[in-house]
Structures are given as C-alpha cells and as structure tokens.
Amino acid sequence: MKLRLWQSTCVKQVLQKYNNNSKHFMCLATPAAGKTTMAAEVALQLVTQDKIDFIICFCPTKEVEQGIRRTFERHLNRSFNGSIGALGGVYTYQSLLTLTPEFWQILHDYRVLVIFDELHHCAGDRLANANAWGAQILINICDYATYTLGLSGTPWRSDRLPITLGRYLDSKQIDCDFTYGLKEAVADGVCRHPKIVLIDNDKITVTSKKEGAQTFGSLTDAFSDSNLAYKSIILEKEAMKHILSQGVSKLFKLRRQNPDAGGLVVASSIEHALELVQMLQNEFGQSSVMVSYQDSMPSEIIDRYRKQNTEWIVSVGMVSEGTDIPRLQVCCYLSHVRTEMYYRQVLGRILRINSSVNQEAWFFTFAEGNLVKYANRIQRDLPDTTVIYELESEVARYSHSGRKEHPQPNSSVELLLSFGGRTNAKLQNDVESIQLHTSPNYQLIGQYRQKVISLFRA
C-alpha cells in the first residue's frame, strides 16, 4: 500500500526514535488523516526488522476495534484477531479492567509493540492521579512493553489531567513527537476542506417571571443574558426542522454528483434521535437509519450504512471518533455535548477523502457561544489550555445588519455571512411556547440566518 507523505515521514521518525533507545512515541494527526494505516506500517517495519514478536492495540470502542483489525490484517497480511497463530489483537480500553495476569505475561515473555488509539482517554502520569484505564497502563504496560505508540487527533482532556505516557512542556501543553494538523491535511488533499455553518435567529423573545419579556438579536446573547437553555433549542421542533432542512438541501445537491453521499445527525438522546428520524422520513422524504449505544449490535448497523445508499444515519453516542464512513459529507450537530474534543471528533467524520467527484464537507450547528468559538479556531490542532476555558473572549458578535461588531484580532479565519434563511412564519403566526426547567418561555420569531465559516483562505 502506498503511504501518504505524512505517513511515510512519521513512520521514519518513529523508527528512528525507537532505534535511539526511546520506547515511547506520541503522534498527533488530525481526525481522518489515516493514523491507523501509519501505525500498521510501523508494526510491519518492526516485524520485518525482527524487532517485535507481537502487536497489541487498544482503542475506545468496539466499532473502532473492528476498523483497526481490518486495517492491520490488510496491511500486515496476517490474522489479527488475538487467537493462536495471530500476529496480535485489538481490545477496547474498557477491557483493560478485565484482562488477566496470564494476558499481561506476554509483555514479560516476548517483544511487544503496544499501540494506543485516541490515547487521551487514558489519564494520569502516576497512580495517584490516574483514571482506571491509565492506571492499568502504568501498572501493566509502561515498564514492560518493548515499544509503545500513542495516537490522538485531539490530545487533551477537559478535566486537565495529564494523558498517560504523555510528555508535557512547562506551559502544560502536551509535547508530541509528530504533529500533522487539519490545515496541512487539507493542503495535502488528505482531508476535505470543511465549511461550518452556524445557524442563528435574529429575534428571540424569552419570558420569565423574574425578568419579564426580553428580546435578543442572537442565540449567543440569549444564552448569555437569560435563562434560555441550549438544550431547549436543539429539542425545539421548528429549530430541528430548520437545521435538518439545511442539511437535506446540501446533501441533495451533493448526491447529484456523488450518488452515495451520506449525512450524519448527532442527537442528544434516544428520544431525540427517534424524533429526528421521523422528521427526516415524514417531513423530508429521506431514507434514514438510527444507531445508539443501546443497540445490541451497533457495529453491524454502522457497517450496513457504510456499504448501502441510505441517505442519513442518526446517532446517539456512536458515530464520533475513529468511526470510518468515507461517504459522509454532511453533518447536523444537535448533541447536548459542547466540549471542543467531541466537536472536533464529530467534524472528523465528514473529512475523510474518498474517490467521489465532489469532496465538499458541510457541518451545520447552532450559533451557541462555545460552538462559535470552536469553529473560529478549529484550524489550531492544539488549543492553548488556558484558552479552552475562556467562554467569551473569542466569540464574535453580529449586528442585525450582519456586520461583525467585534472582529477577532490576528485571526486567519474567513467569515462569510449568508442571510439565505427563511422567515419563520409558522412560529410567527402559531407559536407554541415551551416551558423550560428554569421557567422562562421563548419564541423564535425572527429570520434564521447563517454564518458560514470557511476555515482557510484561498
């Protein structure tokens, strides 16, 4: 298999470091860049050079586990199912808690390369601050593996704990041995050039007993200055319908050129996903399938969608990091999770290049302050830890005319505003107020508007 330039470069650096008697290597490569293939090539080179006997991989989910197994078997041309005669096996991080002493003995008796996919799930540089998975690595792997290879597309943690086996600078920023960012991946034609569409509404009325009626010109202002909850918007029927309409329209245009192009909707709960599936089918006539953590065989559902021509897959906690569905090109992000890590991981699902004619990637979400901030700095692959927790400093505000009132200094992001939304006449004429847990009612009675963020200048 012909490697991409970044993969070849990284493999050379990994082997060079191992040859210099360093046993651990940490690679940051943006989601969808091809980290698994790179790792499989490292394993192949070490086997060919007779430097290892076995390979063990750990990863976050069963779905990712199956993908890694397929890649390693194809690349190494050997069985990789962990059975007798296999060159190795893949296990989830959850299984770290159930592996027996007999399993760990292999690291004592043989030369073993241990690969950690999305290593940021494992926390702690000592037992005192380690999570359960990190502790198992420190106890059973750290001192006994011949080599370790850590992989991550988002190498940081929201709880600020150090990543297990990570090396940190004085600034508390992780020091990776190799870094391949989204900007480089887009320039090299490795990843699609994403466009993030932030959907807003220019007249939002929030009524509460304490404050009375308040009117806001954007969702950011409403969330910041009232008791309006973000979750109430992603669950509001007309708001859901609007964001789906944008995704459906974009997917329809893409499928004119790419007949198998697919769309992903990230839902916040099982009930939410069911409603979204019904809306896609009944309101828009779209074919769709749902997958969730409650399904008995979610990997089979995802694999069928990967190979079929169904238009949409609606996911609850399943299609995020490491899930490989190259035909996905549109995403409607309606999750209640608003961490930068999850945001980037989901975005990565629509960035994987395939053989289709059109390689556009469109990500639709609401203009909530944190989501706006993440979009505006998505081109930085290692955010400054102190910046991650600043909620307001990077949020651009917009006037009713569409002019940006407070532009970001020193930003390379190009903001293109498009007021192509419709007047929400149905809400204007027949509004059903929704009672929130904080007691305000709200109405979205203005025009929907969109801020399209093109991440890199031409």
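Only the coordinates and a few stated rules stand behind these numbers; no lab work does. It should be emphasised that the depicted structure is a prediction, and the values quoted were computed from it without experimental measurement. Cβ: placed from backbone, ideal geometry, glycine included. Neighbour counts: every protein chain shown.
Couple of notes before you dig in:
- For segment 152-259: rounded, prolate or oblate by the Cα gyration tensor [a/c cutoff 1.5]: oblate
- Label-point separation in nm, Tyr144 to Leu169, each point 7 Å along Cα→Cβ: 3.5 nm
- Gyration tensor verdict on segment 267-371 (Cα atoms; rounded if a/c is under 1.5, prolate if a/b is larger than b/c, oblate otherwise): rounded
- Cα-derived Rg over Rh, computed across segment 136-215 with Rh taken as Kirkwood radius: 1.24
- Label positions at Arg111 and Lys51, each projected 7 Å from the Cα along the C-beta direction, are separated by 0.9 nm.
- Global form of segment 1-155, assessed from the alpha-carbon gyration tensor, a/c cut-off 1.5: rounded
- Residues of segment 347-378 with an amide N closer than 15 Å to a point placed 7 Å from the Cα of Asn309 along the Cα-to-Cβ direction: none.
- The order of the peptides 364-373, 332-341 by mean Cβ neighbours within 10 Å, most packed first, is 364-373, 332-341.
- For Cys191, distant residues with modelled amide H under 5 Å away: Val186
- Gain on full stretching of the segment that runs from Gln94 to Asn77 - 0.36 nm per residue minus C-alpha separation: 3.4 nm
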